[in-house]
1. Which one is nearest to S49 (Cα to Cα), of the residues in segment 14-30 that are among the hydrophobic types (A, V, I, L, M, F, W, C) and in contact (Cβ under 8 Å) with a residue 12 or more places away in the chain?
2. Name the residues in segment 68-98 that are charged (D, E, K, R) and either more than 18 Å from Q17 (Cα to Cα) or in contact (Cβ under 8 Å) with a residue 12 or more places away in the chain (or both), would you?
3. If the requirement is being at pLDDT below 80, under 18 Å from the mean Cα position of the chain (by Cα) and acidic (D, E), which of these qualifies: D104, D89?
4. Please work out if I11 is farther than 22 Å from Q108 by Cβ, surrounded by 11 or more Cβ atoms within 10 Å (Cβ to Cβ) and without any contact (Cβ under 8 Å) to a residue 40 or more places away in the chain.
5. Give the residues of segment 56-75 that are within 15 Å of Q25 (Cβ to Cβ) and buried (at least 20 other Cβ atoms within 10 Å of the Cβ), sorted by residue number.
6. Counting only residues that are loosely packed, with under 12 Cβ neighbours inside 10 Å and either touching a Leu at 6+ places or on another chain (Cβ under 6 Å) or closer than 17 Å to F91 by Cβ (or both), how many does segment 14-45 have?
7. Hey, among D48, D53, which residue is loosely packed, with under 11 Cβ neighbours inside 10 Å and either at pLDDT below 80 or small (G, A, S) (or both)?
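The values are calculated or read from the model by the stated rules, or taken from the named source; none is laboratory data. Treat the numbers as computed from the prediction; the structure is a model and nothing was measured. Neighbour counts run over all protein chains shown; Cβ positions are idealised from the backbone, glycine included.
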Amino acid sequence: MKLTKSQLRRIIKEELQAVLDESMQKMLGLPHQYTTQDLVTAVQGLIDSPREDMAPHSREARDVEDLISNHIRDKGTPEEKEALKKLRDDFLRAIGATAHSTADTKYQKNRAKRADAAARFRARAAPMDKPAAPITGLGPGWSKQY
């Protein structure tokens, strides 16, 4: 089976993310198969007693944020997802990530971009309020409405 470059990149990216998620699980003390409640408990522990090496823009902080975001995207009920979004924002505020606490998270920014793009598309696709003027000059007896 042949793989294209884009397929290979996607596979590598997925495997790398899996390895990073696994290392974050170990750092947070999560079991291999963890539940949403396990994740909430572990992150709440980081919020209550933050690690000294957990700087706002450190790799560890981004990895914890990505682990929560991936869990939001892939697992859980809508209520759990809302609770995890709040937990992610609380975690970012606790470690002093002011860029995220005053602004939207990556997820919210991407969601807003998609909503804007959809609104622009709907505006272009909406029918016009007034009918188009007839095209003239097609000869006697010819007119066409567009």
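1. So the first thing to find is which residues in segment 14-30 are among the hydrophobic types (A, V, I, L, M, F, W, C), and the list is 16, 18-20, 24, 27-28, 30.
Applying the additional criterion that residues be in contact (Cβ under 8 Å) with a residue 12 or more places away in the chain yields 20, 24, 27-28, 30.
On the way: L20: 22, M24: 17, M27: 14, L28: 12, L30: 17 Å.
This residue is L28.
2. Taking segment 68-98 as the starting set, the residues that turn out to be charged (D, E, K, R) are 73-75, 79-82, 85-86, 88-90, 93.
Selection gives K75, E79, E80, K81, E82, K85, K86, R88, D89, D90, R93.
3. Working: D89 fails: at pLDDT below 80.
Going through D104, D89 in turn, just one is at pLDDT below 80, under 18 Å from the mean Cα position of the chain (by Cα) and acidic (D, E): D104.
4. On the way: farther than 22 Å from Q108 by Cβ: yes; surrounded by 11 or more Cβ atoms within 10 Å (Cβ to Cβ): yes; without any contact (Cβ under 8 Å) to a residue 40 or more places away in the chain: yes.
Criteria met by I11.
5. From segment 56-75, those within 15 Å of Q25 (Cβ to Cβ) are 60, 63-71, 74-75; that's our starting set.
Result: V64, E65, L67, I68, H71.
6. Step one: of segment 14-45, the residues loosely packed, with under 12 Cβ neighbours inside 10 Å are 14-16, 18-19, 26, 29, 31-33, 37.
Next, from what is left, pick out any that are either touching a Leu at 6+ places or on another chain (Cβ under 6 Å) or closer than 17 Å to F91 by Cβ (or both): 29, 37.
The total comes to 2.
7. Values: D48 fails: either at pLDDT below 80 or small (G, A, S) (or both).
Result: D53 is the single residue among D48, D53 that is loosely packed, with under 11 Cβ neighbours inside 10 Å and either at pLDDT below 80 or small (G, A, S) (or both).
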